[in-house]
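Okay, structure first, notes after.
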Amino acid sequence: MEPQDYDIAEDDLALPAEPMRINMGPSHPAMHGTIRMIVDVDGESIKNVDVQIGFLHRGFEKMCERGTWTQVFPYTDRLNYVSPMICNVGFAMAVEKLAGITVPERCQWYRTVLSELSRITDHLTCNGAMAMELGAFTPFLWMMKAREHVWDLLEEETGARMTHSFARIGGMAKPPTPNLKHRVEEVLLAVEDILVECEALLFKNRIFLDRLQGVGAISAAEALQFSWTGPTLRSTGVAYDVRRAHPYLVYDQLEFDIPVGSDGDNFDRYMVRHEEIKQSIRILRQCNKLMPDDGPIDVTDRPEVVLPPKNDVYTTIEGTIQHFKLIMEGAKIPKGEVYSFVEGGNGEFGFFIVSDGSGTPYRVRIRPPCVFTLQGFPRMIRGHMIADIVPTFGSVNMIGGECDR
């Protein structure tokens, strides 16, 4: 028999499909244990996403209102637990602003060093996880190795690897170690070598580029409507950085650039964080040159706020009484309210605090940048594929401790 030609319409070859509603999380390994996404899909195409941030059931803000001002510091460690030192410093600065305290110059430099080291660990964690979520497991291990180098240094300075609780109202728990500057340079060299290796492995990799470029894009106008800050906002081309727009500590004495993107997609978010690591390295090297080698770390003229030296506690009745009252009753912060903010790993990290004049905060509210970033996630992911959810979600770097209300 002669073969016959059949005219088959293209629509006849398509498999029948109907819209579905599926759950991702909270038990999904990429959802951080609390995030639940209700995804409406048509085949593999995403039509809509409802992001529910869930609860860690910690009640950070209410816990802060149950203890003394100093007892809040361990709680701040658990906000952004990838860069907790920035949260430590941010809360200390808020209380100091309300109390009218200016910490010594050496303390300001020291806080800047510890904050920038924490920023590097934050960005390494985010970018390493993004690479892993695309199947690039080797760069993830390399970046975790770099993060371990930084955490080794932070442990040497603070005594704790992650949850430092190292800042104090009016200063820091301890002065810098004698070997700080040398160790900082050692760690920075190691991090730079690892960044070069990651660039060689990823930046010309076709899979890496195809999975990130043009995916999860959002415009600058939309990002501002969602109140974005930090690397996600800068990826859209808006050069807003608290360190430059509202300088604090010693950032007005330092030279650094603000990396920005143009497309606001996953690739730009990755690259902004990558370049910010290099800028943090640049900042730290300037701090090594400019930070005084001696001088006080704590204010010395506010005994109602700052703990006395341990030697005074053990040898003088005045020091013993001062220590007892600060521990048992808390520092007496003047009545009033204040908002203070720093540039966290994910953007503007703010503390709004209210004092009634007692040793316990009357009200504490935080401005966590992750909450605002997640507002824009449904807009970012519509029209993409199910497989794009995880790398896009990774690019916004959601931290559960920040989001928990």
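The values are calculated or read from the model by the stated rules, or taken from the named source; none is laboratory data. Values in this document were obtained by computation on a predicted structure and should not be read as measured data. When we count neighbours, we look across all protein chains shown, and the Cβ atoms used for this are built from the backbone with ideal geometry, even at glycine.
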Residues satisfying the stated conditions in the stretch 164-215, i.e. buried (at least 17 other Cβ atoms within 10 Å of the Cβ) and among the aromatic types (Phe, Trp, Tyr): Phe166, Phe208
Check on Val49, surrounded by 17 or more Cβ atoms within 10 Å (Cβ to Cβ), under 27 Å from the mean Cα position of the chain (by Cα) and either not aromatic (Phe, Trp, Tyr) or not in a loop (DSSP other than H, G, I, E, B) (or both): yes
Criterion (of a type in the set (A, V, I, L, M, F, W, C), touching a His at 6+ places or on another chain (Cβ under 7 Å) and touching a residue at least 40 places away in the same chain (Cβ under 8 Å)) met by exactly one of Met385, Met398: Met398
Filter pass, Gly350 being touching a residue at least 40 places away in the same chain (Cβ under 8 Å), touching a Phe, Trp or Tyr at 6+ places or on another chain (Cβ under 9 Å) and part of a loop (DSSP other than H, G, I, E, B): no
Boolean, Thr76 is crowded, with 20+ Cβ neighbours inside 10 Å, among the hydroxyl-bearing types (Ser, Thr, Tyr), in contact with a helix residue (DSSP H, G or I) (Cβ under 6 Å, 6 or more places away or on another chain) and modelled with pLDDT under 95: yes
Search result, residues across the stretch 362-405 that are polar (S, T, N, Q) and either in a loop (DSSP other than H, G, I, E, B) or buried (at least 21 other Cβ atoms within 10 Å of the Cβ) (or both): Thr373, Thr392, Ser395, Asn397
Which numbered condition Met143 fails, given (1) crowded, with 24+ Cβ neighbours inside 10 Å; (2) out of contact with any Leu (no Cβ under 7 Å at 6 or more places or on another chain): (2)
Single unsatisfied condition, Gly359 versus (1) over 28 Å from the mean Cα position of the chain (by Cα); (2) not in a loop (DSSP other than H, G, I, E, B): (2)
Residues satisfying the stated conditions in the stretch 55-72, i.e. within 15 Å of Glu402 (Cβ to Cβ) and of a type in the set (Gly, Ala, Ser): Gly59
Single residue of Gly261, Gly237 found to be modelled with pLDDT of 95 or more, out of contact with any Gly (no Cβ under 6 Å at 6 or more places or on another chain), farther than 23 Å from Ala131 by Cβ and not in a helix (DSSP H, G or I): Gly237
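Results for (1) basic (Lys, Arg); (2) farther than 29 Å from Pro368 by Cβ, shown as yes or no for each residue.
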| position | (1), (2) |
| --- | --- |
| Thr177 | no, yes |
| Lys181 | yes, yes |
| Asp193 | no, yes |
| Val196 | no, yes |
| Phe203 | no, yes |
| Leu209 | no, yes |
| Ile218 | no, no |
| Leu224 | no, no |
Residue match in the stretch 353-361 (condition: among the acidic types (Asp, Glu), touching a residue at least 12 places away in the same chain (Cβ under 8 Å) and under 19 Å from Tyr248 (Cβ atoms)): no
Every residue from the stretch 168-220 that is among the basic types (Lys, Arg) and touching a residue at least 24 places away in the same chain (Cβ under 8 Å): Arg168, Lys174, Lys181, Arg183, Arg211
